[in-house]
Amino acid sequence: MGLKKILDNLKPTFSEGGKLSAFGSLYDAMETFFYVPNETAKKKGAQIHDAIDSKRSIFFVIIALIPVILFGMYNIGYQHSLVAGCEAECGVLCNFLYGLAVMLPKIAVSYIVGLGIEVAVAQWKKEEVHEGFFVTGILIPLIVPVNCPLWILAIATAFAVIFAKEVFGGTGFNIFNPALVTRAFLFFAYPSMMSGDKVWVNQNYMDCINGTIDGISTATPLGQLGAGEAVSYSAMDTIIGTIPGSIGETSVIAILIGAVILVWAGVASWKIILSTFVGGALFAYLLPYGDAEALNFQWWEQLTVGGFCFGAVFMATDPVTSPRTEGGKWIFGFLIGAMAIIIRVLNPGYPEGMMLAILLMNIFAPLFDYCFVQANINKRAKRAAKK
Amino acid sequence: MSLFSKENGEIFKGPLNLNNPIAVQVLGICSALAVTSQLKPAIVMGLSVTVITAFSNVIISLIRKTIPNRIRIIVQLVVVAALVTIVSNILKAYVYDVSVQLSVYVGLIITNCILMGRLEAFAMQNGPWASFLDGIGNGLGYAIILVIVGFFRELLGFGSIFGIQLIPDSWYMENGGLYINNGMMTMPAMALILLACVIWVHRAVNKEEV
């Protein structure tokens, strides 16, 4: 147990009165991240009985995200070689390594900026560093287009961590999902970097042909539908995920593997995931884009394109910003699915509506909880009055 | 009591800082979000509100003893409406482009809570000179916040100040650079967040008093 020994040896340096006590919260975060702390609550006082603490439960989310991350990296490379015209000589590994090289700086920026602010705030308030950002930090690079510049990503991450999370009191108190707030900020502040047909393929970095490619246009299925054109991808493409799109959102298969892990581990609520798909499917059926044959787009393909799956599985199920009551979860999910389709089809300004739908329902989550709790109180009060 | 006594100084200085109508009383937010996307309209708006608050305060203060209590709000509204119309016409005559930019918000000064608040809370009880100082102070307190928010919104949203480009053209992405203007700064939503930041800083600096 070399790591344990190192951590124990360092403990006095970071404790109060030690040389590096200013970074005490950082040390505490690392220690409790690697090892379950052995201090338990005293016999008297508040007691919470659970097999895993929140640091372990967020770890399941990261595990569930691994297929998405790996496929996202591969797809970055694949889309690039497709445009560069070298998919024949660049195999799976080459595509993957290319994607890894493009993706790593984004992950690094997101973690450094976000955790930097979290640690600074925790140190300033003399609190522990909360673990929520471990998930947010990996979600942020997955929901942006590959061409998003790093400095813009850094600004958006800082904005979301400060204004969506820390001002509300940190992890567990935020009303909105911080990763989605990052995306919303990017979407409204730098629209030319977030949508359109120039952002989905990495344009000028390590080409397999020499020199850089300029002005590549690749449209996402939703972009094509928004422009009233026929979709040039088959349903199989959108399910496997070899289409342009934000890094993590393209592959339905990878996301469903993640969904199974999350539901099996009990971290995400299957009720939210299921009801989101039900709401989405119902409204996709009721509100078609137009002639399905001419557009090469069946109604159920709505659920496989864009960020629908990713949002339903990884964003809507965020335990902090979704309702706690079981009935609330059903309504919450159903309305997210419905709103996402309504925004996509009926609002010409926004080809994709999943982000806005989830953020909108985040606001209503406490209201759903309130209604269901109140209804239960009334029911029991009536029952008590009858006796 | 002399014209520039200590009490009168306090009446004038209070709203500039510790009793600021926007940062402390959180009044007049609507127009502060609407007109601050650029610095020039923000300044014109701030000055218009200053002039209107000052003179409506003076007029109401002069006739405060003759106004029947039951219809005082209507009398106040008539005075403010008359002044707003005058200011609106002056703006149209001398700074037409700014007046077009401000559009309905000049007319809507009449609904600005700061105005009615000062008339009710101050001019109805105090003499004309003190009311004048109070009006100027509150108008300038409002203008300061507008200028701060307008400065950051124009700089970050358009890369310019008073319409003069500050960020070099070669920095922009379309010219091969890295920089892009922040489109969110041009939206009222970001003005609200900037306003919150101003209030945040103000309260952090004046921890004891506010």
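Search the range B:155-174 for residues being touching a residue at least 60 places away in the same chain (Cβ under 8 Å) and aromatic (Phe, Trp, Tyr), and hand back the single one that is nearest to the other protein chains (Cβ to nearest Cβ). Result: B:Phe158.
Return the residue satisfying two criteria in turn: it lies in the range A:114-168 and is outside any helix (DSSP H, G or I) and at pLDDT below 85, and of such residues it is farthest from the other protein chains (Cβ to nearest Cβ). Among them, the one singled out is A:Glu131. Please go through the range A:191-206 and pick out each residue that is within 13 Å of another protein chain (Cβ to nearest Cβ), assigned to a loop (DSSP other than H, G, I, E, B) and under 20 Å from the mean Cα position of the chain (by Cα). Those that are within 13 Å of another protein chain (Cβ to nearest Cβ), assigned to a loop (DSSP other than H, G, I, E, B) and under 20 Å from the mean Cα position of the chain (by Cα): A:Ser195, A:Val199.
Checking the stated criteria, A:Phe188 turns out to be without any contact (Cβ under 8 Å) to a residue 12 or more places away in the chain and either within 10 Å of chain B (Cβ to nearest Cβ) or on the phi > 0 side of the Ramachandran plot (or both). Screening the range B:175-196 for residues that are free of Cβ contacts under 8 Å to residues at least 24 places away in the same chain and more than 9 Å from chain A (Cβ to nearest Cβ) and picking the one that is surrounded by the most Cβ atoms within 10 Å (Cβ to Cβ) gives B:Gly177.
Can you say whether B:Gly135 is touching a Phe, Trp or Tyr at 6+ places or on another chain (Cβ under 8 Å), outside any loop (DSSP other than H, G, I, E, B), of a type outside the set (Val, Ile, Thr) and away from chain A (no Cβ under 12 Å), as far as the supplied structure shows?
Working: touching a Phe, Trp or Tyr at 6+ places or on another chain (Cβ under 8 Å): yes; outside any loop (DSSP other than H, G, I, E, B): yes; of a type outside the set (Val, Ile, Thr): yes; away from chain A (no Cβ under 12 Å): yes.
Considered against the rule, which asks whether it is touching a Phe, Trp or Tyr at 6+ places or on another chain (Cβ under 8 Å), outside any loop (DSSP other than H, G, I, E, B), of a type outside the set (Val, Ile, Thr) and away from chain A (no Cβ under 12 Å), B:Gly135 comes out as yes.
Against the test of being in contact with a helix residue (DSSP H, G or I) (Cβ under 9 Å, 6 or more places away or on another chain), assigned to a loop (DSSP other than H, G, I, E, B), more than 20 Å from A:Phe364 (Cβ to Cβ) and more than 12 Å from chain B (Cβ to nearest Cβ), the options A:Thr182, A:Thr171 yield a single qualifying residue, A:Thr171. Across the range A:340-356, the number of residues qualifying as assigned to a helix (DSSP H, G or I) and either of a type in the set (D, E, K, R) or modelled with pLDDT of 95 or more (or both) comes to 1.
The values are calculated or read from the model by the stated rules, or taken from the named source; none is laboratory data. Every value quoted in this text rests on a predicted model; they were computed, and no experiment measured them. We place every Cβ from the backbone using ideal geometry, glycine too, and count neighbours over all the protein chains shown.
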